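My questions all concern the structure below.
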Amino acid sequence: MAETRATLAGPIGEADAAARAALAWTPLVLAAGATLVAGLAGLHARGLIGTPLEPWAFGYFVERFPLFAGLLVYAAARVVLLALIPPGPSRFLRLALLSIALAILVLPALYPTFGGVVIRAAYFTGGMAWLQSAPLAAAYPIGAFVSASVFAASLGLAAALARLAPAFGWRRLADAALRLLALWFAALVVAAQAALGLSLLGEWPIWPLRPGEAVAAALLVALAALPHAILVARTGR
């Protein structure tokens with residue numbers, strides 16, 4: 001029975017193409033879709049004044065890296081699907097632990113305010129590199145890598161708890177390294193607008209997005225999550 005449960009909660013086999021595709025691509029679609037809907041609905045920081053979300057709507061990090069919210073949606077959807085999709089008796093326990101898994105993911109990203117320790121770690125290391133005479137072209141990737149490492153650690157722990165099937169070994173370590181590189185790419189995409197001085201998103205999130213800017217935001221979120229989703233599709237976990 002223990003062997004059966006481990007298998008059911010492990011990678012989704014290539015024969016179950018629908019479940020494998022859902023696990024890989026549903027989070028990406030939800031993240032890009034949520035970004036697009038938020039943009040088209042006119043969601044912006046000033047519109048959240050006086051609401052419970054106000055503390056997360058303003059600040060240096062949300063103004064410079066608003067697309068991180070889309071990546072967080074991607075990661076949260078992935079954790080939920082890992083608890084829901086694999087069948088078997090362990091599903092009820094996975095669902096019972098889902099709230100803890102989501103807390104492991106969300107708290108480092110949003111506490112005490114937007115960005116949490118994930119973006120603050122990038123700001124500290126990238127800022128220190130710049131103060132040590134590193135050019136901005138090097139400081140941003142350094143900060144992005146540290147941020148991706150923190151985010152990968154929280155996502156990995158949350159995913160392991162949601163799946164209830166921890167795996168070890170050199171192959172698993174190599175897979176984790178590839179996923180870290182994928183999240184590093186995602187961090188670079190999220191930071192690109194601030195790093196390169198682009199204006200693809202107008203003055204969002206302080207002011208609403210125009211329809212074209214909302215589409216651009218959704219496409220950037222999809223681009224950021226794409227390498228990680230490809231790895232999930234390849235491995236089925």
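The values are calculated or read from the model by the stated rules, or taken from the named source; none is laboratory data. Predicted model only: the values in this text are computed from it and were never measured. In this analysis, Cβ positions are derived from the backbone assuming ideal geometry, glycine residues included, and neighbour counts consider all displayed protein chains. Keep in mind that these areas ignore ligands, DNA and RNA; they rest on the heavy atoms of the full protein, side chains included. Shrake-Rupley method; radii C 1.70, N 1.55, O 1.52, S 1.80 Å.
Anything in the range 78-125 that is part of a helix (DSSP H, G or I), modelled with pLDDT of 85 or more and over 19 Å from the mean Cα position of the chain (by Cα)? List them, or say none.
93, 94, 95, 96, 124, 125
Could you say which residue among 54, 63 is open to solvent by 40 Å² or more (accessible area, probe 1.4 Å), acidic (Asp, Glu) and under 23 Å from residue 184 (Cα atoms)?
Details: 54 fails: under 23 Å from residue 184 (Cα atoms).
Only one candidate qualifies: 63.
What residue, among those in the range 126-155 that are among the β-branched types (Val, Ile, Thr) and surrounded by 18 or more Cβ atoms within 10 Å (Cβ to Cβ), is nearest to the chain's Cα centre (by Cα)?
So in the range 126-155, the residues among the β-branched types (Val, Ile, Thr) come out as 142, 146, 150.
Filter once more, keeping what is surrounded by 18 or more Cβ atoms within 10 Å (Cβ to Cβ): 146, 150.
Details: 146: 14, 150: 11 Å.
Looking at the filtered set, the residue picked out is 150.
Okay, moving on. Go through 18, 41 for me and flag whichever is under 27 Å from residue 188 (Cα atoms) and open to solvent by 50 Å² or more (accessible area, probe 1.4 Å).
So the residue among 18, 41 that is under 27 Å from residue 188 (Cα atoms) and open to solvent by 50 Å² or more (accessible area, probe 1.4 Å) is 41.
In the range 156-173, what count of residues is obtained for those that are open to solvent by 50 Å² or more (accessible area, probe 1.4 Å) and under 15 Å from residue 232 (Cβ atoms)?
So the answer is 1.
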